[in-house]
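Peer 1: Take a look at the following structure, please.
The values are calculated or read from the model by the stated rules, or taken from the named source; none is laboratory data. From a predicted model like this one, the values you see are computed outputs, not experimental measurements. Note that we place each Cβ from the backbone using ideal geometry, even for glycine, and neighbour counts take in every protein chain shown.
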Amino acid sequence: MALMFSKDDVDSVGPPLARLLRLIFYRNRVTLDQFSAMAGEYGKRVGYTPAMINTNRGNLRKALVRKDDITWRLFHGILLNIMRLNIEEIKIVIRTETGELVEIGSKDPVEGPPLSRRVRPQTTPPGFPAAPTLPKKYSGRVLIQEDTDE
């Protein structure tokens, strides 16, 4: 039986979330038939009709195989609902403006150092209006903090 994703499939995808999901499939040696069976079991658990199960299974397969990037919702849904794996912690590595690599995780303490501090002054090229300074506030779920180089 052929695996859902080969080693080359894992290595050829760029976006981290898509690569991570393919890596999980590869390391668990999930075949296309196994994935179809898992997706079918999920459909039965939630009360889908056989036609809905087939449509959902096909849509999931297309989303995984044909797209190089996936959403968090798809990633989480496949792990939790289809593969029945629980995500205990998420850790990501971020490259800051200074080039430093910083790891941050979902179980890290709330208090901690900022992820990035600008070390070079913000300059505006001649002929361009200066960018507005944003006050410290929340925009959606992302903290926007003004640069205070004063």
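Peer 1: Restricting to the stretch 1-22, name every residue that is part of a helix (DSSP H, G or I) and either of a type in the set (Val, Ile, Thr) or over 19 Å from the mean Cα position of the chain (by Cα) (or both). Before you say what the answer is, go through the steps one by one.
Peer 2: Let us first name the residues in the stretch 1-22 that are part of a helix (DSSP H, G or I), namely 7-12, 16-22.
Selection gives Lys7, Asp8, Val10.
Peer 1: Given the criterion at pLDDT 85 or above, under 21 Å from the mean Cα position of the chain (by Cα), basic (Lys, Arg) and under 22 Å from Arg19 (Cα atoms), identify the matching residue among Arg66, Arg84.
Peer 2: Arg84
Peer 1: Now for a different question. Does the stretch 86-103 contain at least one residue that is in a helix (DSSP H, G or I) and either exposed (fewer than 12 other Cβ atoms within 10 Å of the Cβ) or in contact (Cβ under 8 Å) with a residue 60 or more places away in the chain (or both)? Walk me through it before giving the result.
Peer 2: So the first thing to find is which residues in the stretch 86-103 are in a helix (DSSP H, G or I), and the list is none.
No, that holds for no residue.
Peer 1: Hey, another quick one. Scanning the stretch 47-70 for residues that are touching a residue at least 24 places away in the same chain (Cβ under 8 Å) and either outside any helix (DSSP H, G or I) or among the polar types (S, T, N, Q) (or both), which turns out surrounded by the most Cβ atoms within 10 Å (Cβ to Cβ)?
Peer 2: Looking at the filtered set, the residue picked out is Ile70.
Peer 1: Moving on. Just name the residue that is modelled with the lowest pLDDT out of those in the stretch 1-22 that are loosely packed, with under 15 Cβ neighbours inside 10 Å and in contact with a helix residue (DSSP H, G or I) (Cβ under 7 Å, 6 or more places away or on another chain).
Peer 2: Met1
Peer 1: Could we say that Phe25 is modelled with pLDDT of 90 or more and under 18 Å from the mean Cα position of the chain (by Cα) here?
Peer 2: Answer is yes for this residue.
Peer 1: Another one. Return the pair list, or none, for Cβ contacts closer than 9 Å from residues in the stretch 1-14 that are under 15 Å from Leu32 (Cα atoms) and among the aromatic types (Phe, Trp, Tyr) to residues that are modelled with pLDDT of 90 or more and surrounded by 13 or more Cβ atoms within 10 Å (Cβ to Cβ), at least 6 apart or on different chains.
Peer 2: Phe5/Leu21; Phe5/Arg22; Phe5/Leu23; Phe5/Phe25; Phe5/Tyr26; Phe5/Val30
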